[in-house]
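Notes follow the structure.
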């Protein structure tokens, strides 16, 4: 093949351009605890660290810099990074993270799981409030769940808000990227998991149900609940007994109650 130098290349002929790779989306988290938790548990997700001028906690700074994968930049308190209010209680510490790096592919995750009676998963099905997502991640970590499974469609993604609300637990419990809720549930059933849909009209009761199999709890949309096809795949729908004066709990509170009920029967999951 004849090669041309830049000067020799015929007019109108150009070298093919390499397709540009999409830049990873950076989300910002703030606060001393959240940033140190990220740097300690999942340093690979950190892209930036910003420290305010005059930051005086030398012990914290030493701890952070001993694990941080990047050198810190200065933080302008009056003009913090995108998405953070100048009034946010950032305590002088902000980090930019790549949330997509927090997720592990389902195939990789499930290959590490040996299902047993003490194995529980939480599957999110179109939970759209990031505060609810962060709260249920925190609860799943607190009650010994093996992972939180998150679909890509009609679902609040992992953002800085989710990480903040999770109080750092997004860095400690596996967040599992799944392609489709129903396909994943079928695979879990084939692996011996018993599938519970969280639903107010469920016939099973969180207070009396005996959790003797590996389980996956499916939390539906805040307003619409479980999709019909997802409900059909559930082995049972489980409800929480509540006083008649209260119609329902919000999604995060309901999930926490059910997860606590499961955990009470499986103290080994808290070890």
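Using a 10 angstrom cutoff on alpha carbons, build the Gaussian network for the chain and name the most mobile of 257, 215, 123.
Among 257, 215, 123, the largest GNM mean-square fluctuation belongs to 257.
Which shape class applies to the stretch 27-97: rounded if a/c is under 1.5, otherwise prolate when a/b exceeds b/c and oblate if not, where a ≥ b ≥ c are the square roots of the Cα gyration tensor eigenvalues?
Since a/c reaches 1.5 but b/c is at least a/b, the shape of the stretch 27-97 is classed as oblate.
Measure nothing but the geometry: give the 0 to 90° angle between the long axis through the Cα atoms of 58-67 and the longest principal axis through the Cα atoms of the chain, rounded to 10°.
Taking Cα atoms only, the helix is inclined about 90 degrees.
Of 176, 113, 136, which has the largest mean-square fluctuation in a 10 Å C-alpha GNM of the chain?
Taking springs between Cα atoms under 10 Å, the residue moving most is 113.
Run the paramagnetic zone check for residue 82: 7 angstrom along Cα to Cβ, then residues of the stretch 37-63 with backbone nitrogen under 16 Å.
47-49
Compute the acute angle (0 to 90°) between the alpha-carbon long axis of helix 32-41 and the principal axis of greatest extent of the alpha-carbon atoms of the chain; round to the nearest 10°.
Relative to the chain, helix 32-41 is tipped by roughly 90 degrees.
Note the full-extension length gain between residue 187 and residue 213 as 0.36 nm times their separation in residues minus their Cα-Cα distance, in nm to one decimal.
This chain segment gains 7.8 nm when fully extended.
Where a ≥ b ≥ c are the square roots of the eigenvalues of the C-alpha gyration tensor, would you call the chain rounded, which needs a/c under 1.5, or, failing that, prolate if a/b is larger than b/c, or oblate?
oblate
Picking from 170, 117, 141, which is most flexible by a Gaussian network model of the chain using Cα springs under 10 Å?
Between 170, 117, 141, it is 117 that shows the largest mean-square fluctuation.
For a Förster distance of 25 Å, can you work out the FRET efficiency between the beta-carbons of residue 245 and residue 271, rounded to the nearest 0.05?
Calculated value: 0.05.
To the nearest 10 degrees, how steep is helix 130-142 against the longest Cα principal axis of the chain, on a 0 to 90 scale?
The angle comes out near 70 degrees.
What distance in nm lies between label points placed 7 Å from Cα along the C-beta direction at residue 44 and residue 58?
3.5
Once you keep just the Cα pairs under 8 angstrom separated by 6 or more residues, what percentage relative contact order results for the chain?
Value for the chain: 19 percent.
Using the per-residue mean of other Cβ atoms lying within 10 Å as a proxy for protection, in what order, highest first, do the peptides 91-101, 197-207 fall?
The densest-packed peptide leads the list: 91-101, 197-207.
Laboratory data are not the source of any read-out in this text; all were calculated from the coordinates shown. Remember, it's a predicted structure, so these values are computed and weren't measured experimentally. Heads up, the Cβs are rebuilt from the backbone with ideal geometry, glycines too, and the neighbour counts pull from every protein chain shown.
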